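Every number in this text was worked out from the coordinates using simple rules, so none of it is lab data. Just so it is clear, the structure is predicted and the values come from calculations on it, not from any experiment. Here Cβ is always computed from backbone atoms with ideal geometry, including for glycine, and neighbour counts include all displayed protein chains.
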Amino acid sequence: MAPRCSAIGSRASKAVHRSPRSRQHAMAGAMTRYEPATIEPKWQAFWDKDDTFRTPEETGRPKTYILDMFPYPSGSGLHVGHPEGYTATDIMARYRRATGYDVLHPMGWDAFGLPAEQHAILTGTHPRDTTSENIATFKRQLKMLGFSYDWAREIDTTSPDYVKWTQWIFLKLFERGLAYQSEIPVNWCPALGTVLANEEVINGLSERGGYPVERVPLRQWVLKITAYADRLLADLEAVEWPNSTRIMQQEWIGRSEGAEVKFDVVDHDASIEVFTTRPDTLFGATFMVLAPEHPLVEQVTTDERRLAVESYVEQAKNKSERDRQANKEKTGVFTGGLAINPVNGAEVPIYIADYVLWGYGTGAIMAVPAHDERDFEFATAHGIPIVEVVSKTGTPSEVPMKGAMVEQGVAVNSGKYDGLKTREFKKRVTADLEAAGHGTARVEYKLRDWNFSRQRYWGEPIPIYFPVETDGDPRAGADFRIRYDEPMAVDEAELPLRLPELDDYKPGEDPAGVLARARDWRFFQKGGAWFARETNTMPQWAGSCWYYLRFIDPRNSKALCSPELAKAWLPVDLYVGGAEHAVLHLLYARFWHKVLYDAGVVPTKEPFKKLVHQGMILGEGGQKMSKSRGNVVNPDDIVREFGADSMRIYEMFMGPLEATKPWSTSSIAGVRRFLDRVFNATLRADEDAKPDAGLTRLLHRTIRKVTEDIEGMRFNTAISAMMVLSNELLKLDKVPTEALDVLAKLLHPFAPHLGEEIWEMLGHHPSIQNEPWPAYDPALCEEDEVEVPVQINGKVRGRITLPKDATEDQALAAARQALASQLEGKTLRKTIWVPGKILNLIV
RNA sequence: GGCCGAGUGGCGGAAUUGGCAGACGCGCCGGAUUCAAAAUCCGGUAUUCGCAAGAAUGUGUCGGUUCGAGUCCGACCUCGGCUACCA
């Protein structure tokens, strides 16, 4: 027997690794210790050559589509968070193949994006070059970890072949009236020279880079996601997603039902429309508030209030988003104007205040201080009367209100509606308003249409062009006027519309974007007339909105995905990725999918059936990993020191997949020891040794446990069960080959290289991936005898050993005998017998 | 402020329908091996009291339901994530 000697260096790892052959006479050719650095490349090469993970076609077997959120190939390479989700899906993919499924498990690159462009601005390197270098690094690292992707299906969102179909989908959106232009206030980030989506702005700063963001009006392409709001909301019921993610999407869509109510303005031929979810509180509306941007402000303001109002409006305009958020005090000024409450004819003052948002509802509210916290604050600050119109009991409060009562209740001080419950009141008053022409029921959403324009270089050009009015050649500098009101779709046959080559990617002052400087690209002639291409590009989300479709049919030049294959593979059965995509990517992708569904391109209403978010991996001290903290763990280092299989198993062993958990390098050493022991047990394999009854039971139990845990994606406890088995096997001098066969089959989805290696050592033909998953016999999992704790008054006082299907009487008899001394002189009042679990005696 | 999630040994975690709390791993302690060390192997390791047998306590806090609660119910505390004036 060769000495068992581990390849793990000391943690400091300065010691030079000695070759085992320097200390012993190794068996010729046979490996005598676990060396991941040797076996991992060996099996990776085998898989490549063998095409082990090619996606099967038309076998008639059940299918499963297991997808990772594809990475943005950043310059810093993989971090340890990537392999967490990727290992989880890889285990599922390998497990499903072994259980008879056709598995689609692809990988690709979400490769458009700002960092490559920023790098280009700094160094002049073309973003394409940076991107392909980064992709090479990512691919090397993913291959190093032994993931079973079908690399023949690799896709890159920046390749012209892919861009073609991203643009094609845009044209579908355009044809259907779901892509339109709008002159809207946008989040202009001068430092980045681009417009950002609301979602990309956090506290008034850009999500990437943290630069200040201003609001300026600009012509933008916008996608009408709001047209799908109700379906995006309703179909959330049908997916197996984490509850928290579904709730986040629901709240992002933000549907609320209420009424639109019209208040006529005194002495003006105008009326203010408000949206309210509480029309039942109309009698308590003691003032109105317009957003500072509201067009009626000008009209309703009286001469003596004009100065104050204009100064407030000016102030609000200059306030950055950030300041607005930092300061929650209810500021505002009276306009001097009055409006008439349609339910009781009362004249109420009209204010302007920036706590009313121009972007939501009608940009104006009826303020009910008694039943809305913000209105209460404002009324208190400005000495406006507070009238209670809802109470819990149905009788008005006797003391003045100390705060807003926002709950539902019974109407008071509401004329003929007094005594009605909130819900009934809403219905009644909405109907009455409608009859009187003063209002109507209305549904409002927080969801805004999606700003789809970016003024960047490194993105998909939007395949639209416009007529140009010009006297000369605009490419040569002639004056021109672009007719943005007459957008035309680029002919499908001309797709992909490629990016022009530029020397300078810097954003300029021209808000039309970087591409506007590429005049030869921008302007062209057709039939003697001049035209100009759209110079905005698409946001990074575009490519990631539909990549899962391209994986199904990645080389199709006639369609983005053939209908037959789409039908065969959709929906994605398991989708794993970070929770940071809970709303943006996952909502956008659902929206596009539904549009393609309506266009007959895809056969399912939803793209992703089951969704799982892997948890964040923190640094060793429990802090977030970051370059500035210096606690970033590089997968290359871990693989070099411990091997890819150890890294994979460690990340799965850390805790539940979804949990946030801290990294611990010393714990990887423990996982590595486990793999060493598995290898060493295999060295002692003996064909003639047969498992005894105890080992047989353990084998069947382990199969059951590992199988059930993989199905439930509880990889940490599955690994624990395999550790228990390997610990038992190592106690034997001769380890039965059939036991090791089972262990190899259970282990290989987790540690694929070692799995293949020991499978071969056991005398089998690779690949172990082609072997069926082991089966267990439930009967063999059970013990013949069970040890049952006996409690007296709820405290464990002894144990009895019983046949596994013992009756209560048998248990009681055994307990009387075993605990005779403790039961002496006591009267048994009650017994609780849980078969095979516990016996509790109440005395 | 709102929503979601989580609090279990020195640490990561296990106990999934209420039934022996602490599986598995790390770390630590002791032993074997070694000239010595590393590595490996064996044993121990919740806390308190006790030489020991053993006993008591113990899953964030307080209370409740139950023969029995980490698990269920109520109130609270702490931490994390998301969100933030959405009428």
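Worth pointing out:
- Peptides A:208-221, A:48-61, A:693-706 ranked from most to least packed give A:693-706, A:208-221, A:48-61, packing being the mean of other C-beta atoms within 10 angstrom over each peptide's residues.
- Local electrostatic count, A:P603, Cβ distance below 14 Å [Lys/Arg +1, Asp/Glu -1]: +1
- Over chain A: Kirkwood hydrodynamic radius from C-alpha pairwise inverse distances, Å: 32.3
- Across segment A:639-780, the mean sequence separation of Cα contacts (distance under 8 Å, 6 or more residues apart), normalised by length, yields a relative contact order of 30 percent.
- Just so you know, the averaged projected area of the alpha carbon convex hull for segment A:639-780 sits at 8.6 nm².
- Look at the alpha carbon pairs under 8 Å that are at least 6 residues apart: their mean separation over the length of segment A:783-842 gives a relative contact order of 40 percent.
- Net charge dipole, chain A: roughly 2640 debye, given to the nearest 20, about the Cα centre with Cβ charges of +1 for Lys and Arg and -1 for Asp and Glu.
- Average Cα contact separation per residue, chain A, under 8 Å, 6 or more apart, as relative contact order %: 14
- Peptides A:98-104, A:486-492, A:458-464 ranked from most to least packed give A:458-464, A:98-104, A:486-492, packing being the mean of other C-beta atoms within 10 angstrom over each peptide's residues.
- Volume per residue of the C-alpha convex hull in segment A:256-444, rounded to whole Å³: 114
- Of all DSSP-defined beta bridges confined to chain A, some 75% are antiparallel rather than parallel.
- For segment A:722-843: rounded, prolate or oblate by the Cα gyration tensor [a/c cutoff 1.5]: prolate
- Compared with the dominant principal axis of the Cα atoms in chain A, helix A:81-98 is inclined by about 60°.
- Using θ = phi - 60° and Karplus 6.51 cos²θ - 1.76 cosθ + 1.60, couplings along segment A:46-63 (whole Hz; Gly, Pro as x): 4, 4, 4, 5, 7, 6, 4, 10, 5, 5, x, 10, 6, 9, x, 7, x, 10
- Segment A:234-379, dipole about Cα centre (Lys/Arg Cβ +1, Asp/Glu Cβ -1), debye to the nearest 20: 340
- Cβ-based charge dipole, segment A:500-627, positive-most Cα from A:P507, A:M538, A:L618: A:M538
- Note, ³J(HN,Hα) from phi for segment A:700-708, Karplus 6.51, -1.76, 1.60, rounded to Hz, x at Gly and Pro: 5, 5, 5, 4, 4, 4, 5, 4, 5
- Rounded to the nearest 10 degrees, the angle from helix A:303-318 to the longest Cα principal axis of chain A is 30 degrees.
- Positive end of the dipole of chain A (Cβ unit charges, origin at the Cα centre): among A:L232, A:V595, A:H105, the Cα lying farthest that way belongs to A:H105.
- Residue-averaged [θ]222 nm for chain A, counting only DSSP H segments that reach four residues, each worth -39500 (n - 2.57): -10500 deg cm²/dmol
- If you take the alpha carbon atoms of segment A:543-641 and fit the smallest convex hull around them, that volume is 151 Å³ per residue.
- Rounded to whole Hz, the Karplus (6.51, -1.76, 1.60) HN-Hα couplings of segment A:329-340, x for glycine and proline: 5, 8, 8, x, 9, 7, 8, x, x, 10, 10, 9
- For A:D686, nonlocal amide neighbours, meaning residues 5 or more places apart or on other chains whose placed amide H falls under 5 Å from its own, are A:V735, A:T737.
- Compared with the dominant Cα axis of chain A, that is its longest principal axis, helix A:127-144 is turned about 30°.
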